[in-house]
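Here the structure comes first, spelled out in structure tokens, and everything after it is commentary.
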Amino acid sequence: MRFFNTTGPVRLDDHYHVPPLDRLALDEVLTLIQQKKYFVLHAPRQTGKTSSLLALRDLLNAEGDYRCVYVNVEAAQALREDVEQAMRTLLGGLASRARLAGDEFLDAVWLDLWTKYGAGALGEALTRWAEASPKPLVLLIDEIDALVGDTLVSVLRQLRAGYDLRPESFPQSLVLCGVRDVRDYRIQSTAENAMIAGGSAFNIKAESLRLGDFSAEEVQDLLAQHTAETGQVFTDDALETIWKQTQGQPWLVNALAYETCFKSEVGRNRSHPVVAEALLVAQEQLIRRRETHLDQLADKLKEERVRRVVEPLLSGGEQRHFADRDLEYVRDLGLLAQDRPLRMANPIYAEVVPRELTWVVQEEFEQDTAWYVDAEGGLDVDKLMSAFQAFFREHSEHWVGRFQYQEAGPQLLLQAFLQRIVNSGGRIEREYGLGRGRTDLLIVWPQGEQTRKVVVECKILHKSLEQTVAEGVEQTVGYMDRCGAEAGHLVIFDRRENRRWADKVFYDRRTSVGGTAIEVWGM
């Protein structure tokens with residue numbers, strides 16, 4: 001039986017898959033190769049780049065016009081800026097891949113060339129290989145941006161130096177593949193004691209192609225392969241949920257489906273259809289296990305240029321201008337959607353980010369879910385919000401100061417507090433983004449045969465208190481209506497300096513224009 005793939009390149013016999021070549025702009029790629037161009041393919045991690053490169057290699061070799069070789073250079077990363085030893089590792093890997101493709105030329109000469117030319121052996125090896133090959137060479141270099149400092153500079157410059165020799169004495173075409181576009185490389189050269197721009201070290205790039213996420217149709221086609229082979233169907237709600245939560249991010253789509261269909265007891269029973277709730281349970285399991293894909297993404301939150309972009313989103317801050325390089329970098333990581341408005345790439349990432357930033361804080365809270373669950377199994381949100389208000393008054397200065405993302409500190413602290421309680425029986429859904437002026441939280445709590453939904457809206461006090469509350473009440477009611485929530489709470493954080501807690505802390509019950517009652521908590 002085939003299965004959903006979450007680790008490494010697609011194997012067509014083993015995995016349900018979207019055909020890798022269908023995900024490339026194949027006509028454009030083939031034209032670039034025919035025109036002897038050197039170009040870039042980039043996309044976030046675990047998007048399908050390697051699968052697409054391997055499929056391209058197989059296609060070109062099958063058609064017979066070129067000798068195409070794929071190589072992954074990530075192994076040279078461990079050697080950092082030891083250029084000579086990194087080059088040995090790179091050449092050895094390239095020779096091995098060429099031999100597997102039926103070309104043994106490099107296997108016989110690369111070590112001698114490295115001994116003679118040292119750090120400059122790559123260019124010489126490619127020249128001699130191209131001259132010995134009966135067909136034009138096409139080279140696919142994967143994980144190029146894993147290389148570090150002077151090693152990366154040396155590779156890029158050697159590739160550039162031989163460009164004018166193609167195709168008789170250098171590869172006809174070359175693809176650099178990584179997370180980022182080469183223009184965004186900022187390479188610290190120890191040897192030159194300078195920051196080298198990738199665009200200047202490799203100014204022969206013709207195009208930058210980005211591998212996109214799955215389309216909605218591709219997601220449905222992928223899931224339909226499972227149905228065709230097992231008879232297990234996905235309900236309409238399940239299909240809508242997997243698209244909504246992942247927005248087509250390939251690893252997320254496969255991971256949710258695999259967790260649901262191959263790991264859960266209910267999912268392994270093929271007579272049971274896959275329903276939306278099962279996918280949401282699987283999502284929670286992936287997040288709690290801190291799966292490698294999500295953990296790697298979360299680790300990027302520690303970087304300053306990521307913080308500069310993500311922090312205002314978390315706080316719902318006003319529109320602002322970001323450095324173009326910062327935005328490009330965070331988009332290349334896959335954290336942000338490619339289009340406007342500026343927002344997280346999908347709801348799962350939007351869930352992972354605040355939870356990762358507050359993980360340690362959650363574990364240190366001395367709170368217990370049982371304190372806030374009534375005799376009927378319902379969550380007493382009024383009691384929960386009152387407890388948080390008291391906690392925030394007493395401890396916020398200490399706890400908010402521990403966050404790296406202090407601009408969003410109050411919102412993160414509230415989310416950590418709620419998450420600690422809700423973890424045991426329900427879930428929290430989040431919406432936030434630049435210029436929204438608020439952060440929307442939806443508590444979903446199962447109670448018997450029903451599911452209770454409660455909105456918690458967070459706003460930073462701006463203008464006057466009355467204006468902020470009035471605006472927040474209407475926003476809370478609007479979010480309640482959209483989510484089908486039965487109750488709403490509005491939290492107003494007063495971050496003005498030199499304000500007494502007695503003036504900040506209050507509780508009020510307001511009624512919207514339409515007559516909906518909203519609980520308002522000042523902090």
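The values are calculated or read from the model by the stated rules, or taken from the named source; none is laboratory data. Bear in mind that the values here come from a model prediction, so they are computed numbers and not experimental data. Note that we place each Cβ from the backbone using ideal geometry, even for glycine, and neighbour counts take in every protein chain shown. Only protein heavy atoms, including side chains, enter the accessible area calculation; ligands, DNA and RNA are left aside. Shrake-Rupley method; radii C 1.70, N 1.55, O 1.52, S 1.80 Å.
Residue 403: outside any helix (DSSP H, G or I), open to solvent by less than 40 Å² (accessible area, probe 1.4 Å) and not hydroxyl-bearing (Ser, Thr, Tyr), yes or no?
Working: outside any helix (DSSP H, G or I): yes; open to solvent by less than 40 Å² (accessible area, probe 1.4 Å): yes; not hydroxyl-bearing (Ser, Thr, Tyr): yes.
Yes, satisfied.
Within 18 Å of the chain's Cα centre (by Cα), at pLDDT 95 or above and on the phi < 0 side of the Ramachandran plot - does that describe any residue in region 220-243?
yes
With respect to the numbered conditions (1) farther than 28 Å from residue 328 by Cα; (2) in contact with a His (Cβ under 7 Å, 6 or more places away or on another chain); (3) open to solvent by less than 60 Å² (accessible area, probe 1.4 Å), which one is the sole condition not fulfilled by residue 251?
(1)
Tell me, which residue of region 262-285 that is without any contact (Cβ under 8 Å) to a residue 40 or more places away in the chain and of a type outside the set (S, T, N, Q) is surrounded by the fewest Cβ atoms within 10 Å (Cβ to Cβ)?
265
Taking helices (runs of 4 or more DSSP H) that fall entirely within region 241-360, which contain at least 1 residues that are out of contact with any Lys or Arg (no Cβ under 6 Å at 6 or more places or on another chain) and closer than 27 Å to residue 475 by Cβ?
Here the list reads 276-289, 304-315, 324-332, 347-357.
Of all residues in region 439-473, count the ones that are over 30 Å from the mean Cα position of the chain (by Cα) and crowded, with 17+ Cβ neighbours inside 10 Å.
6
Give region 96-138 a look and list any residue that's charged (D, E, K, R) and either open to solvent by 40 Å² or more (accessible area, probe 1.4 Å) or over 38 Å from the mean Cα position of the chain (by Cα) (or both), or say none.
97, 99, 104, 107, 112, 116, 124, 128, 131, 135
In region 8-33, how many are within 26 Å of the chain's Cα centre (by Cα), in a loop (DSSP other than H, G, I, E, B) and at negative phi?
10
How about region 423-436: which of its residues are crowded, with 18+ Cβ neighbours inside 10 Å, within 22 Å of residue 453 (Cα to Cα), in contact with a helix residue (DSSP H, G or I) (Cβ under 8 Å, 6 or more places away or on another chain) and not charged (D, E, K, R)?
Matches in region 423-436: 428, 432, 433.
Checking the structure you have, find out if any residue of region 302-310 is under 17 Å from residue 410 (Cα atoms) and surrounded by 19 or more Cβ atoms within 10 Å (Cβ to Cβ).
The answer is yes, given that some residue of region 302-310 is under 17 Å from residue 410 (Cα atoms) and surrounded by 19 or more Cβ atoms within 10 Å (Cβ to Cβ).
How many residues does region 339-390 contain that are of a type in the set (Lys, Arg) and under 21 Å from residue 301 (Cβ atoms)? Talk me through it step by step, then tell me what you get.
Initial filter on region 339-390 (of a type in the set (Lys, Arg)): 340, 343, 355, 383.
Now drop any that are not under 21 Å from residue 301 (Cβ atoms), which leaves 343, 355.
Looking only at that region, the number is 2.
Here is a yes/no grid of residues against (1) touching a Lys or Arg at 6+ places or on another chain (Cβ under 8 Å); (2) modelled with pLDDT of 95 or more:
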| site | (1), (2) |
| --- | --- |
| 112 | no, yes |
| 129 | no, yes |
| 133 | yes, yes |
| 139 | no, yes |
| 146 | no, no |
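Of the conditions (1) modelled with pLDDT of 95 or more; (2) within 32 Å of the chain's Cα centre (by Cα); (3) open to solvent by 10 Å² or more (accessible area, probe 1.4 Å), residue 389 clears all except one; give me its number.
Answer for residue 389: the failing condition is (2).
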